[in-house]
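Step one of this worksheet: look at the structure below.
Bear in mind that the values in this text are calculations on the coordinates, not laboratory data. All values derive from a computational prediction rather than experimental measurement. Cβ sites come from the backbone with ideal geometry, for glycine too, and all protein chains shown count toward neighbours.
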């Protein structure tokens, strides 16, 4: 029953995205535009770019993810399907989790798959690319999950963009730190197990708690 | 088992410093239809949202069975087709029904695969109304169900309501237009108080 609810919601999200492709592509486009700007601004100096590549990629993944989160519940809020979801879905966190999962596919997952390209633009040595991808695939689910809490709280506001950033960015900081430091250490030939475990732990905690929090936040947002 | 589908005790709601309603006692049993009327801004929608559980800022008690809420927002995703919307709704309510039959009943046969964005306001409304046929809730909370509908559409709504009442359901409806069904109770809000 709950599984069926998950798939129905997940399928619905994918169909919606397929019908509004530009919305889904915007965050990815933003990420790659910004990365090419960094490459241009440093004059294509490999040494500088290489040093900052992990930071640049992770920060941009973070910002691009937030960009796509802003619209996560917006449409549903406006057309009233969110009301129906809050009133009828049992258990309510299941469709919420499905929505976040679908959002992650088009942000975190897509960015992870495209990360090697970003890494090559920024002259990141190819030996480090696997670590970059591992940190991204372990860290980005937490970004989507934690960000969804902020998105659910701000969906009822006309311009919740800045508030969303203020709410969510502090929660993103640990993920950012562990993600970047893992790649840096890999570059210096030091083992990265600790950071990887931390990223996994954060994602596990987020996936346990965030759907419930999001559901509660959505209820508050539609109750007016 | 109590026969009452909806009971409110001393329901009171204030919004922006105005008392919309106070000491409201509603008791609605099977097969009964309560119509709430009143000028714009008299609190009809707020009352319905209170009862539906979408507006927590009230005093008093509400007791309600599983209800279906059809509000001003249609509750359909405009990027999806009528069929996809209803399929999603089925999943949400845990019901299984024949979506094509439901759409035919609301006069949307032949539009199953059209993205709702391309439908007219009245047609979108009809897709929203199809939810009434899918959800098996015994209590219907309808906020202006006749909006944007043509004569046939209005006939459709009254037909659906009559059928629902005949099978022992309850209807709580806010409306400006007279409803051509056997109305058991009428509640007037606002105005001359």
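Per q in 0.07, 0.13 1/Å, what log10 I(q)/I(0) does a Debye calculation on the alpha-carbon atoms of the protein assembly as shown return?
Taken in order of the listed q values, log10 I(q)/I(0) reads -0.42, -1.07.
Under the 0.36 nm per residue contour assumption, what length would be gained going from the current alpha-carbon distance of residue A:30 and residue A:48 to full extension?
4.3 nm
Which log10 I(q)/I(0) values does chain B give at q = 0.09, 0.10, 0.13 Å⁻¹ under the Debye formula, counting every alpha carbon as one identical point scatterer?
Treating every Cα as an identical point scatterer, log10 I(q)/I(0) equals -0.33, -0.41, -0.69.
How big is the convex hull of the Cα atoms of the stretch B:72-136, per residue, in Å³?
Convex hull of Cα atoms, per residue: 74 Å³.
Quick check: the angle from helix B:121-134's long axis to the longest principal axis of chain B, C-alpha only, nearest 10 degrees?
Computed tilt is about 80 degrees.
State, as an integer percentage, the relative contact order of chain B based on alpha-carbon contacts under 8 Å between residues 6 or more apart.
Across chain B, relative contact order equals 32 percent.
Using only Cα atoms, find the angle between the long axis of helix A:161-187 and the longest principal axis of chain A, and express it within 0 to 90 degrees, rounded to the nearest 10.
40 degrees
Taking the Cα atoms only, what angle lies between the long axis of helix B:82-93 and the longest principal axis of chain B, rounded to 10 degrees?
50 degrees
Need the C-alpha centroid separation for the stretch A:40-113 versus the stretch B:45-74, integer Å.
Centre-to-centre distance over Cα atoms comes out at 33 Å.
What is the percent of Cα-Cα separations in chain A that go past 33 Å?
Counting pairs separated by more than 33 Å, the tail of P(r) holds 18 percent.
Per-residue Cβ counts within 10 Å, from other chains only, averaged over B:47-59: what number is that?
Counting Cβ atoms of other protein chains within 10 Å of each residue's Cβ and averaging gives 2.
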